[in-house]
Amino acid sequence: MEIKTIGVMTSGGDVPGLNAAIHAILHTANKKNIRIIGITEGFDGLIDGKFSSLDLHAVRQAMDEGGTILRTSRSERFKHFKWRKKANEQLKSKGIDACIVIGGNGSLKGAEVFGREFKVPLIGIPKTIDNDIYGTDYAIGFDTALNTIVEATDKIRDTADATSRIFIVEVMGRKSGFLALYSGIASGADVIIIPEVKTNVADMLSYIEHNHKIGNRSMILIITENALPDGGLGLKKILDKKLPEYESRVTILGHIQRGGRPSAIDRMLANRLGHYAITALLKGKKSVMVSILNDKIKYPSLAAICDKKHSINKEMIELANRLSFL
Ligand code: F6P
């Protein structure tokens, strides 16, 4: 089937760099005389028939902004067949021949099921600050979030040093430690706690005491939100109980990690993946994700990447272990 009209949506949690991906999609499609229709608010918007036209100039203007001009949603309804059927009817009514879904694990899984059920040619583009999508080295948004954490941690270190306190910095990531591990290394954290590595609490407390004895008055402990029960606050409870002589504070960075202007690396990644999503569809590829592996564009099938976990490179874990307590 000849593809003339492509629908594009952003789905799941927003990340910086989504507008850059939309920009490359629109730009490449325009050059190939393909019509792009924006689907607003992700799968929920598709179910409800929320479409919008995209203007290249406006999209180019938004390329350096966070958020998404198409808005987004985490759709509960799309998990049910009756709503996916409705979504397919909406696509047909708009004359959309194929779709590009810019999403995280949940959205790519939804896209895989939808493409299979209704034979819709579909391409996924990976985005998530958690960087936990299998089949790609990096997802859009990770680099910017990492930079936000490092910048915040550098500032926290100033006050930690001035007051001789221990600061616990809780970062996002769900069950994935990429953000904590990479930001921990980049900001010289004393302790890094991630879900992938079981923390020996007694050893960690000895490390903190030893670190203090050798002259480190202040310390930075970076923890992934779900690495210990109650995340950063749980870690503070342990410190208060076991090392009451140390004063500590918790900073939960929260959603600032999802906002802001995308880094140059994220803009590059988003433009590359957006461009190749269009060329892949025009070459007849479907139900694949456009990804980056060893700096090369790849097209793993959505079925092959769903339900798998992107593991952290062992060398990175070893490095963190040498430079900090992990
Ligand atoms: O998956 C991205 C992410 O930011 C996670 O790191 C975090 O746990 C979650 O989304 C927060 O989701 P919400 O914005 O729905 O609270």
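Just a few scattered comments:
- Test result for residue 88, among the polar types (S, T, N, Q) and either within 16 Å of the ligand (Cβ to nearest atom) or touching a residue at least 24 places away in the same chain (Cβ under 8 Å) (or both): yes
- Tabulated pairs, segment 30-52, first touching a residue at least 60 places away in the same chain (Cβ under 8 Å), second in a helix (DSSP H, G or I) and of a type in the set (Lys, Arg), C-beta under 9 angstrom, 6+ apart or interchain: 43/77; 43/84
- For segment 200-210, a residue qualifies if it is in contact (Cβ under 8 Å) with a residue 24 or more places away in the chain and either within 16 Å of the ligand (Cβ to nearest atom) or not β-branched (Val, Ile, Thr) (or both), and the qualifying residues are 203, 204, 205, 207, 209.
- Those helices (runs of 4 or more DSSP H) of segment 1-119 in which 3 or more residues are under 27 Å from residue 300 (Cβ atoms) and in contact with a strand residue (DSSP E or B) (Cβ under 7 Å, 6 or more places away or on another chain) occupy 18-31, 42-47, 105-118.
- Qualifying residue in segment 69-76 (condition: within 16 Å of the ligand (Cβ to nearest atom) and among the small types (Gly, Ala, Ser)): yes
- Subset of segment 192-201 [among the aliphatic types (A, V, I, L, M) and surrounded by fewer than 23 Cβ atoms within 10 Å (Cβ to Cβ)]: 197, 201
- Residues of segment 257-271 that are away from the ligand (no atom under 16 Å from the Cβ) and charged (D, E, K, R): 261, 267.
- If the condition is being within 16 Å of the ligand (Cβ to nearest atom) and modelled with pLDDT of 95 or more, then segment 211-246 contributes 222, 223, 224, 225, 227, 228, 229, 230, 231, 232, 233, 234.
- Of the residues making up segment 156-205, those that are within 11 Å of residue 253 (Cβ to Cβ) and part of a helix (DSSP H, G or I) are 156, 179, 180, 183.
- Of all residues in segment 137-165 being more than 15 Å from the ligand (Cβ to nearest atom) and of a type in the set (Val, Ile, Thr), the one that is farthest from residue 243 (Cα to Cα): 150
The values are calculated or read from the model by the stated rules, or taken from the named source; none is laboratory data. What you see is a predicted model, and the numbers here were worked out from it, not measured in a lab. We place every Cβ from the backbone using ideal geometry, glycine too, and count neighbours over all the protein chains shown.
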